[in-house]
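Inspection log for the structure reproduced underneath, given as structure tokens.
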Amino acid sequence: MIAEIGHFALILAFAVAIFQMIVPLIGASRGWSPWIEAARPAAIAQFGLVAISFAALTYSFVVSDFSVLLVYENSHTAKPMLYKVAGVWGNHEGSMLLWVLILALFGAAAATFDPNLPPKLRARALAVQASIGVAFYAFILFTSNPFWRMSPAPFNGRDLNPLLQDPGLAFHPPFLYLGYVGLSMAFSFAVAAMIEGRVDAAWARWVRPWTLSAWVFLTIGIAMGSWWAYYELGWGGFWFWDPVENASFMPWLLAAALLHSAIVVEKREVLKSWTILLAIMAFGFSLIGTFIVRSGVITSVHSFANDPKRGVFILAILAFFVGGALTLYAARAAAMQAKGMFAPVSREGALVLNNILLAVSAFVVFIGTVWPLIAELVWGRVLSVGTPFFEKAFTPFMVVLAIILPIGAILPWKRGKIAKTLAPLRGALLFALAVATLVFAVSTGKSALAVIGAGLGSWLIAGAAADLWQRTGNSGFARLGRLPRADWGKAVAHAGLGVTFIGVSLLMAWQVEDIRVAQIGQSFEVDGYEITLDAVNEVPGPNYTATVATMHVDRGGKRIAVMYPEKRFYPVQAMPTTEAAIQNGVFRDIYLVIGDKQTNGGWAVRSYIKPFASWIWLGATLMALGGFLSLSDRRYRVAAGARRQAQPRPQATPAE
């Protein structure tokens, strides 16, 4: 009965979304206030209905209702409760229900918050948001229904993919979807503004919080996925340029560009058409990511489904929304003319360069991701585009971006002088050079990546500090606490990017790897650490059996850690997983992996010493924290600047 309630609620949400798509749009074009206002309760009702549907599916997983086909295929009675709940979105159908839940959540938030938003713009944006919902409700109900029953109901299920039975993967998809789907609000506002024929500073002020929210959630989701890959897959890496990893990274890059571009529209009313285009493409790449994960065109460890028919449906959604938005964009080009001018050496110029670098880097990642597919379709050749291509093609853009970020943050609007701008950054430049020199001194004979990355990361961190100090008027530390939170957010986010630069570069340049067969009781040395394989035991788990090694690590005669790497086997899915043991430190991680037993009685052991690994995720945490600080700024929450811009707008008729 619960599953039927969920199914019925989903159908009702589909009907409400159709109403929300049509009625407010007609009302806004005709100036009919009741029809315009209908968008708000419809958006809230739609969210309530899809929330009931999602809750019904969650209940089915929690109580192990195996008469529901999706529960049977993705759960098991012996599975821990956390993974029963995570099983709701650990599959194609459930994850799509989460997709529309978050889509409706953002629509309800837009309907509820910011009372100063012009009613017509809100109505049009909510109508566009609902049209996206209509497409995905149809996709779920007609191709991916999560509530199908099976009879007779089996006694137990087939269990969830063991790779997904992990705390990191339990929370990674919701955050990632909050980012993916959150970009739909920027898209909806962009299309609504084009329909209205009005793109101005007020519009930019309203769209920035939604874009920033999506970017923050994408940052958290990508960081959690990277951390999961680091400790769960046992590969010893944090990023593999996997197609699905790239599918989340491309919208992140474009959302970052959109954030910076919207600042220019808000402050100077230029780059309007470019900002609208970025809003369209950022959400478009989110849809591309959805297509990649679910179509089966690209094989990945992260893929949810391999159904070409479903892929065609998503491709049609992508073509309709992105193609339709670009057509409207071409028709409304005249309404998005810039009002101001600026010199190349100005904050606007720096932000334009920032946007070019981010957009081109996203395009490079896109080409590398889809090129194997293009080569196979067009020339019948099987190609593989791996890490070397991405590192060589992508890295130069990030190097230039890191160089210009501190300079662009201090440059004045409209016109500036490089010499005058660099004066407050002299200390930051000296600090960066000092760090680079230090790294060079301790890495002689190794890759130059460490020197360049550490120098650029230090430049970003010190540049962010110099920017904050300059905003105080060099009047002392007391005024730092009175700076707007948005200023602090920008500085913390830029510094976080610098910390990530340092972590990535030093890890890649200085990592030490050792692969060997070790006997029980044998000790071996890795980069100054003495590692001993003490014992290997079989340990039962709740729904798996584990081969657990006990290994101790010493240095200079002192015990550093006792570590327990595992190799698990899940009998229901007949699938093994690797659970690395990691001893985290501020300046290095010790990373141990136990493999299979060998014919000579020994065990395959992989050992890594990973310098500054934790700095990668510390940097991502700081970037997300910077975003939250900016969102907590009252100017973001109430759109004060936009309200001042919007107040003089005359009303055409009393009916409006």
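Computed quantities for the displayed model
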quantity	calculated
Hey, Gly182 assigned by TED's automatic domain parsing to the domain that holds Tyr230, surrounded by 24 or more Cβ atoms within 10 Å (Cβ to Cβ) and outside any helix (DSSP H, G or I) or not	no
Sole residue being surrounded by fewer than 24 Cβ atoms within 10 Å (Cβ to Cβ) and under 26 Å from the mean Cα position of the chain (by Cα), chosen from Val134, Val63, Val88	Val134
The lone exception for Ser303 - which of (1) surrounded by fewer than 20 Cβ atoms within 10 Å (Cβ to Cβ); (2) part of a helix (DSSP H, G or I); (3) modelled with pLDDT under 80 it fails	(2)
Condition met for Ala193 (part of a helix (DSSP H, G or I), in contact with a Phe, Trp or Tyr (Cβ under 8 Å, 6 or more places away or on another chain) and either of a type outside the set (D, E, K, R) or under 25 Å from Tyr591 (Cα atoms) (or both))	yes
Qualifying residue in region 21-28 (condition: under 30 Å from Tyr570 (Cβ atoms) and in contact with a Phe, Trp or Tyr (Cβ under 8 Å, 6 or more places away or on another chain))	no
Residues of region 401-420 satisfying the condition of being assigned to a helix (DSSP H, G or I) and either crowded, with 22+ Cβ neighbours inside 10 Å or in contact (Cβ under 8 Å) with a residue 12 or more places away in the chain (or both)	Leu401, Ala402, Ile403, Ile404, Leu405, Pro406, Ile407, Gly408, Ala409, Ile410, Ile418
Inter-residue pairs, beta-carbon under 9 Å, first under 30 Å from Asp596 (Cβ atoms) and in region 500-519, second surrounded by 24 or more Cβ atoms within 10 Å (Cβ to Cβ) and of a type in the set (D, E, K, R), 6+ apart	Leu507/Lys610; Trp510/Lys610; Gln511/Lys610; Val512/Lys610
Region 368-386 - residue that is without any contact (Cβ under 8 Å) to a residue 12 or more places away in the chain and exposed (fewer than 13 other Cβ atoms within 10 Å of the Cβ) and, of those, nearest to the chain's Cα centre (by Cα)	Ile374
Cross-chain or 6+ apart pairs with Cβ under 7 Å, region 84-97 first and assigned by TED's automatic domain parsing to the domain that holds Gly289 and touching a residue at least 40 places away in the same chain (Cβ under 8 Å), then part of a helix (DSSP H, G or I) and of a type in the set (Lys, Arg)	His92/Arg294
Flag if Ala15 is over 28 Å from the mean Cα position of the chain (by Cα), closer than 25 Å to Ile317 by Cα and either crowded, with 18+ Cβ neighbours inside 10 Å or not hydrophobic (A, V, I, L, M, F, W, C) (or both)	no
Boolean, Trp488 is buried (at least 20 other Cβ atoms within 10 Å of the Cβ), under 23 Å from the mean Cα position of the chain (by Cα) and of a type in the set (Phe, Trp, Tyr)	yes
Count of region 70-85 residues which are assigned to a helix (DSSP H, G or I) and either at positive phi or crowded, with 18+ Cβ neighbours inside 10 Å (or both)	6
Residue ID - surrounded by the most Cβ atoms within 10 Å (Cβ to Cβ), chosen from residues in region 326-347 that are part of a helix (DSSP H, G or I) and touching a Gly at 6+ places or on another chain (Cβ under 8 Å)	Arg347
Of residues in region 526-585 being among the small types (Gly, Ala, Ser) and in a strand (DSSP E or B), the one surrounded by the most Cβ atoms within 10 Å (Cβ to Cβ)	Ala549
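The values are calculated or read from the model by the stated rules, or taken from the named source; none is laboratory data. Source: prediction; values computed, not measured. Positions of Cβ are generated from backbone atoms using ideal geometry, with glycine treated the same way; all protein chains shown enter the neighbour counts.
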